[in-house]
Amino acid sequence: MSELCPGHPLKFIKNNTRIQEQDDATLIARYKISGDLEVLGQLYNKYMHLVFGVCLNYLKDEEQSKDAVMQIFEELVTKLKVHEVQNFKSWLHVLSRNHCLMAIRKNSKNTTLSLEDTFVENTEFVHLDMDDTKETKLTVMERCMETLSEEQRLSVDLFYLQEKCYKEVADITGYEMVKVKSYIQNGKRNLKICIEKNSSE
């Protein structure tokens, strides 16, 4: 992981028990008004370990994942100012996933890794012709994931791509268990239809 140069945004991310923890909405509001990176760092620090976990799950490389954590923070500096975020934890998860997918797609021309190394393959969940290039598969998967509702997209991502159980998905998202199962079932169906449609084009 690269050394942080003076003034690097991540220098504001630190554990400071003297700072009373504030809820996400308060920190977001403070950051939007002030642009204070220390406020953003305090917010990001609460979920930085989760961001690293998402990145490691996709990138399969610890150093690349650490670099991605820095890059995602830098994205937050501008994106959080222009987006209306209701559930920061869920929104950050999607942002992290998209960042990693873009990184994988960018490097896909220079790698021979199969799609199974990136996504948990489930024949009922998703089927793509093996003759397709990895870049095409990732593009189709990413495009179709974006067609799902936020609830379906997050639930499907956690359950299938990160292999979380129903309870873990409910704990992470805050959704009720019965809704989690519904989001996953409907999301899986919609995603399968979309992938098959795009793969045949």
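Each reported figure results from applying straightforward, stated rules to the coordinates on display, with no laboratory input. Note that the coordinates shown come from a computational prediction; the quantities given were computed from them, not determined experimentally. We place every Cβ from the backbone using ideal geometry, glycine too, and count neighbours over all the protein chains shown.
Pairs from the table (60/181; 106/179; 79/164; 60/89; 32/164) lying more than 30 angstrom apart at Cα are 106/179; 32/164. Ordered by the number of other Cβ atoms lying within 10 Å of each residue's own Cβ, fewest first, 173, 26 fall into the sequence 26, 173. Exposure proxy for 93, 99, 83, 49: other Cβ atoms within 10 Å of each Cβ, ordered fewest to most, give 49, 83, 99, 93.
Compared with the direct C-alpha span, the chain from residue 62 to residue 89 gains 7.5 nm at full extension, assuming 0.36 nm per residue. Between residue 106 and residue 165, the distance separating the two model label sites (each 7 Å from Cα on the Cα→Cβ line) works out to 3.7 nm. Applying 0.36 nm per residue to the separation of residue 176 and residue 98 and subtracting their alpha-carbon distance, the gain on full extension is 25.6 nm.
Going from the fewest other Cβ atoms within 10 Å to the most, the residues 153, 143 appear in the order 143, 153.
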